[in-house]
Amino acid sequence: MKVNVYNLDGKIKKKITLPQIFECEIRPDLIKRAVLSSQSRRYQPHGTNWLSGKNTSAYSYGPGRGVSRVPRIKGSRHRAGGAGAIVPQAVGGRAAHPPKVEKKIVKFINTKEKKKAISSAIAATAVKDLVARRGHVVDSVKDIPLIITDDLEKVKTAKETREIFTKLGIWDDILRAKEKKIRAGKGKRRGRKYKKKKSAVIVISKDEGIRKGAGNHPGIDIVQAKNLSAEDLAPGTHYGRLTVYTESALKVLEERFR
């Protein structure tokens, strides 16, 4: 498939053939598995102290007392036979099925499946309907996928990148990502009060200043082609993210997924 390569002024410089990877079959099931696997590796194991609810001198009286054989607190007078302890049904007792640190929370995915998932996510970035369906503003975008000359990697100021993104037609989508909403539910009390949107991801071959120049724009991510993952292209498992590739980044991807 032939596509245009744009310079920083938004003008067509030349045409190139996209790598074969952009014609891969789009597999939503594999993309979802790869993203969930990536997310699961960031979870922090947590569990209760194994003595929680059991650090007491309570003991069971045994049979023949006319009361159940649950451990009881010695000298407790406010209940007949003494107040129960330790067992889950007792006040202050242990939890019945507490979370355990040794629980396996990492979701594994085979290497070939992971590679196929990234290929599928890359192919989805070349379908305009999928990009629009994900919520991106694509009416003024020059082309999808958007290929830029390597000069983009050397831009070091936010002012320059803003002008470049305006000429390329993706600034409207960045403004869309500037809006943030308050999360519903308890999550707002747990350090994630606001839900932020994702805008374009810029795939580069090497960072020569673009991370400093574009990193502060809302919703923008800058990723090197050698580190590109399914989560970068499909945040929240939703594939079809608006993606900007530099010309040399395509060559790196072609070598990586040959």
Search result, residues across the range 153-171 that are touching a Gly at 6+ places or on another chain (Cβ under 9 Å) and in contact (Cβ under 8 Å) with a residue 12 or more places away in the chain:
GLU153, LYS154, VAL155, LYS156, THR157, ALA158, GLU160, THR161, ILE164, LYS167, LEU168, GLY169
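Listed here are the residues, each with its yes/no results for (1) β-branched (Val, Ile, Thr); (2) out of contact with any helix residue (DSSP H, G or I) (no Cβ under 7 Å at 6 or more places or on another chain); (3) over 24 Å from GLU23 (Cα atoms).
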site	(1), (2), (3)
LYS180	no, yes, yes
LYS188	no, yes, yes
SER199	no, no, no
GLY209	no, no, yes
PRO218	no, no, yes
ASN227	no, yes, no
PRO235	no, yes, no
HIS238	no, yes, no
GLU247	no, no, no
In the range 9-34, anything of a type in the set (A, V, I, L, M) and outside any loop (DSSP other than H, G, I, E, B) is listed as ILE12, ILE16, ILE21, LEU30, ILE31, ALA34
Residues being in contact (Cβ under 8 Å) with a residue 60 or more places away in the chain and loosely packed, with under 13 Cβ neighbours inside 10 Å - total across the range 172-202
0
SER205 vs (1) touching a His at 6+ places or on another chain (Cβ under 7 Å); (2) without any contact (Cβ under 8 Å) to a residue 60 or more places away in the chain: all pass except (1)
Could you check how many residues of the range 103-122 are of a type outside the set (Lys, Arg) and free of Cβ contacts under 8 Å to residues at least 60 places away in the same chain?
2
Give the residues of the range 91-138 that are crowded, with 19+ Cβ neighbours inside 10 Å and within 14 Å of GLU25 (Cβ to Cβ), sorted by residue number.
LYS116, ALA117, ILE118, SER119, SER120, ALA121, ILE122, ALA123, ALA124, ALA126
Checking ASP143, ASP207 in turn, the sole residue that is surrounded by fewer than 20 Cβ atoms within 10 Å (Cβ to Cβ), at pLDDT below 95 and either closer than 18 Å to ASP9 by Cβ or in contact with a Cys (Cβ under 6 Å, 6 or more places away or on another chain) (or both) turns out to be ASP143
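The values are calculated or read from the model by the stated rules, or taken from the named source; none is laboratory data. Just so it is clear, the structure is predicted and the values come from calculations on it, not from any experiment. Don't worry about glycine lacking a Cβ; one is built from the backbone with ideal geometry, like all the others, and counts go over all protein chains shown.
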